[in-house]
1. For R184, enumerate residues with amide H under 5 Å from its amide H, sequence gap 5+ or separate chain, H modeled in the peptide plane.
2. Which order do L197, L270, L149 fall in if you start with the one that has the fewest other Cβ atoms within 10 Å?
3. Report the residue, chosen from G40, G20, G261, that carries the largest GNM mean-square fluctuation when the chain is represented by alpha-carbon nodes joined by springs under 10 Å.
4. Return P(r) of the chain (all Cα-Cα pairs; 20 Å bins starting at 0; whole %; ordered from short to long distances).
5. Per DSSP helix of 4 or more residues, -39500 (n - 2.57); summed, then divided by the residues of the chain. What does that give at 222 nm, rounded to the nearest 500?
6. Modelled label-to-label distance, R43 and T297, 7 Å Cα→beta-carbon offset: nm?
7. Can you tell me the length gained on complete extension of the stretch E105 to D199, counting 0.36 nm per residue apart and subtracting the Cα distance?
8. Quick one: what are the phi-derived ³J(HN,Hα) couplings along segment 41-48, Karplus 6.51/-1.76/1.60 with θ = phi - 60°, whole Hz, x for glycine and proline?
Amino acid sequence: MGAKDPAEPRPPAAVLQRWGIAARGYLGGRANKHWLVESGGVRLVLREYAEHPLADIAYELEVMRRVRDLDWPVPQIVAGPEDFDGRTCCLFGWLPGEPRAEGPEEQRARGRLLAEFHEATAELVDMGQRAEGRLADEVVSNPDLSARLEDYERLRPVEGHVLRWHLEQAKERFAKLDLAAAERAVIHSDFAQWNLLFDNGEPSGLLDFEGTHLNYRVADFALSWRGEHDDVIAGYRDIRELSELDWQLLTPCYWSWLFLGVKDEIGAMLAGTTPMHGFDWPVEHLLRRSPLMGEETRPYPGP
C-alpha cells in the first residue's frame, strides 16, 4: 500500500491495542467506518459504528450469524461489539473476491440470487422488528415527515413539491392495499452490486447488513432495483414469482426508502445546524419511471 492519506479516518488506538490488530488501510463506508486490519498475518475488517444503540447492533449481528449458519458467505464476527470511549467497534473476518461489473447480465444474476436469499432466510421473520426499523408504510405515514416537507417546500418550492407529491402518492397507494396480507421478511436492505463478492465465478461474500430489518419482502428491491434496473426483477422472477400485491407494493416501497433520513435532515436545516441544501439524489430517483411501476408510470405532473 502507498502512503496513508492524513485525512482518512483512523481507528481508535485502544481498539488496535485491545484486539492485537494492525491497521492496513481505510475501506470507507457511508455512516459506519471500516478498516482493513491484520492480526498474525490474517486479514480482518474493523467496523466503527455510527450512532446505533447496542440493541440495534445486536439485531444486525444476529441476522448475520443466522444467515451465515444457512451457509451464505457472510463475514464471521470475530470480536465485539465493544465500546471504546463512546466508539462502538466490531471485528469481522475478511472475505475474498470482487463485485461483478454492473450491467444487464449482472443485474439478472443478482435478482436470482436475491430470490434464493429470500427463500433461504424466510425463517428469520421470527426475529421481529429491529429497534430502529420501520415498515415502508410507517416511514411515509409519519406526520412529522409531512410537516417538515411543508416547511421545506416553502423555502425550496420546486424540490419540495417533488418530494411532497411523491410522499402523498406513496401514502395513498399504501392506504388502498391490504398490508396485512403482504409477505414480510427480514430483508438485507442493500442487495446492491457492490455488496456481492465473487471469487472464481462463485459467490464469496454478502456484505453490509447495516440496514437489515423487518419489512415487506419487496422492499428489498429498493436499493437493488432503484427504479431502473428492471433486469434485477426479471432475474428474481426466474426463481420466484411476484404476487399481484407484491407488484402493487413495489413502487410505494421504493419511494418510501427515498424518504429515510429526510425528516431529520430538514430538521437540521431549519435549526441551522446544517446549511440549507437540495435533495438532488432522492429527487432524481423519485422522478424515475419504469414500465414495472404500473399506475405509477404516469409522469410527475409538476407543481
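1. R217
2. L270, L197, L149
3. Of G40, G20, G261, the Gaussian network model singles out G40 as fluctuating most.
4. Binned Cα distances yield the sequence 30, 57, 12, 0.
5. -12500 deg cm²/dmol
6. 4.5 nm
7. Value of the extension gain: 32.1 nm.
8. Those phi angles translate into x, 9, 7, 9, 10, 9, 10, 10 Hz.
Laboratory data are not the source of any read-out in this text; all were calculated from the coordinates shown. Fair warning: this is a prediction, and the values are worked out from it, not measured in the lab. No Cβ is skipped: glycine too gets one built from the backbone with ideal geometry, and neighbour counts run over all protein chains shown.
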